[in-house]
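Asks: Take this structure, written in structure tokens, and hold onto it; I'll ask about it next.
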Amino acid sequence: METAEARLARAREALAGVQRKVGTTRERWEAPTLPLVPLLDQVLPQGLRRGQVIAVAGSTSLMLALAAAASEAGSWTAAVGMPSLGVVAAARRGLDLARVALVPHPGAQAAAVAGACVDGMDVVLLGPRLALSEPDRRRLATRARERGAVIIAEAPWAGAHASLTAVASRWHGLGAGDGRLRGRELTVRVEERRGAAARLVTVPLEAEAPLRRGATVPAVAAARVLGGAA
């Protein structure tokens with residue numbers, strides 16, 4: 001049986017192979033921010049800045065929306081410890097599946113796997129139940145700052161540059177018991193580390209964006225670098 005250390009080594013080699021194959025580098029870090037969809041401008045007025053940690057509570061859709069424009073523009077995204085994340089949902093939120101790496105079950109190697117992803121990816125999504133200690137989180141934040149990656153964590157994170165909490169959601173598009181859900185409005189509480197007062201922002205999220213041509217499940221399966229760790 002393959003050991004956890006061997007799986008971790010295989011994951012790192014897979015990430016390195018992706019970089020060699022497609023030329024993923026940090027040359028684009030000359031730009032201090034990654035693209036952000038316009039509907040989130042009020043949530044993050046400073047943009048999706050490299051080296052930052054953003055904590056999100058209550059909405060996986062918001063996490064995907066934060067990563068969507070960067071992914072569409074060519075950035076690589078990793079999702080660690082998010083086994084319920086569906087590839088079709090990710091595609092419909094705008095992520096380019098050809099540049100998505102899924103690590104659904106990192107287990108006890110969560111810190112090492114997340115660190116490897118921060119080293120090689122532009123945006124790293126972290127699930128809520130990862131085995132990360134506070135020292136692990138501090139090291140990951142430092143690593144993201146050095147590497148120019150953005151961490152979007154589905155959990156409270158001490159020292160996060162911004163904490164976003166979905167406090168209300170309102171769907172629309174249905175008539176009197178019929179019709180189709182066409183979108184929803186998400187009310188987000190925004191708290192920033194720099195000390196500004198917390199504020200509420202209403203964000204319109206489409207129920208489903210069109211699935212991009214060529215965005216197939218096999219494209220993501222090829223990027224699944226680590227299935228699990230003991």
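The values are calculated or read from the model by the stated rules, or taken from the named source; none is laboratory data. Note that the structure is a prediction, hence the values are computed from the model and not measured. Cβ coordinates were reconstructed from backbone atoms using ideal geometry, including for glycine residues, and neighbour counts include every protein chain displayed.
Asks: When the residues of region 50-98 are filtered to those that are of a type in the set (S, T, N, Q) and assigned to a loop (DSSP other than H, G, I, E, B), which remaining residue is surrounded by the fewest Cβ atoms within 10 Å (Cβ to Cβ)?
Replies: Filtering first and then ranking leaves Ser84.
Asks: Further question: Give all pairs with beta carbons closer than 7 Å in which a residue from region 53-78 that is farther than 15 Å from Asp41 by Cβ meets a residue that is of a type in the set (Ser, Thr, Tyr) and part of a helix (DSSP H, G or I); count only pairs at least 6 apart in sequence or on separate chains.
Replies: Thr77/Ser71
Asks: Identify the single condition in (1) closer than 22 Å to Pro35 by Cα; (2) touching a Pro at 6+ places or on another chain (Cβ under 6 Å) that Ala101 does not satisfy, given that it satisfies every other one.
Replies: Just one mismatch for Ala101, condition (2).
Asks: So how many residues does region 112-126 have that are of a type in the set (A, V, I, L, M) and in a loop (DSSP other than H, G, I, E, B)?
Replies: The total comes to 1.
Asks: State all residues of region 127-144 that are out of contact with any strand residue (DSSP E or B) (no Cβ under 9 Å at 6 or more places or on another chain), at pLDDT 95 or above and not in a helix (DSSP H, G or I); if no residue qualifies, say none.
Replies: Across region 127-144, the qualifying residue is only Ser133.
Asks: Does at least one position in region 104-111 carry a residue that is of a type in the set (A, V, I, L, M, F, W, C), closer than 16 Å to Glu154 by Cβ and within 13 Å of the chain's Cα centre (by Cα)?
Replies: No, there is no match, as no residue in region 104-111 is of a type in the set (A, V, I, L, M, F, W, C), closer than 16 Å to Glu154 by Cβ and within 13 Å of the chain's Cα centre (by Cα).
Asks: Which residue pairs have Cβ atoms closer than 7 Å, lie 6 or more positions apart in sequence or on different chains, and pair a first residue in region 85-113 that is under 19 Å from Asp136 (Cα atoms) and without any contact (Cβ under 8 Å) to a residue 12 or more places away in the chain with a second residue that is outside any helix (DSSP H, G or I) and of a type in the set (A, V, I, L, M)?
Replies: none
Asks: Across region 125-147, what is the number of residues that are closer than 11 Å to Gln52 by Cα and touching a Leu at 6+ places or on another chain (Cβ under 9 Å)?
Replies: Within region 125-147, residues that are closer than 11 Å to Gln52 by Cα and touching a Leu at 6+ places or on another chain (Cβ under 9 Å) number 1.
Asks: Are any residues in region 34-46 at pLDDT 90 or above and part of a loop (DSSP other than H, G, I, E, B), and if so, which ones?
Replies: Pro35, Leu36, Val37, Asp41, Gln42, Val43, Leu44, Pro45
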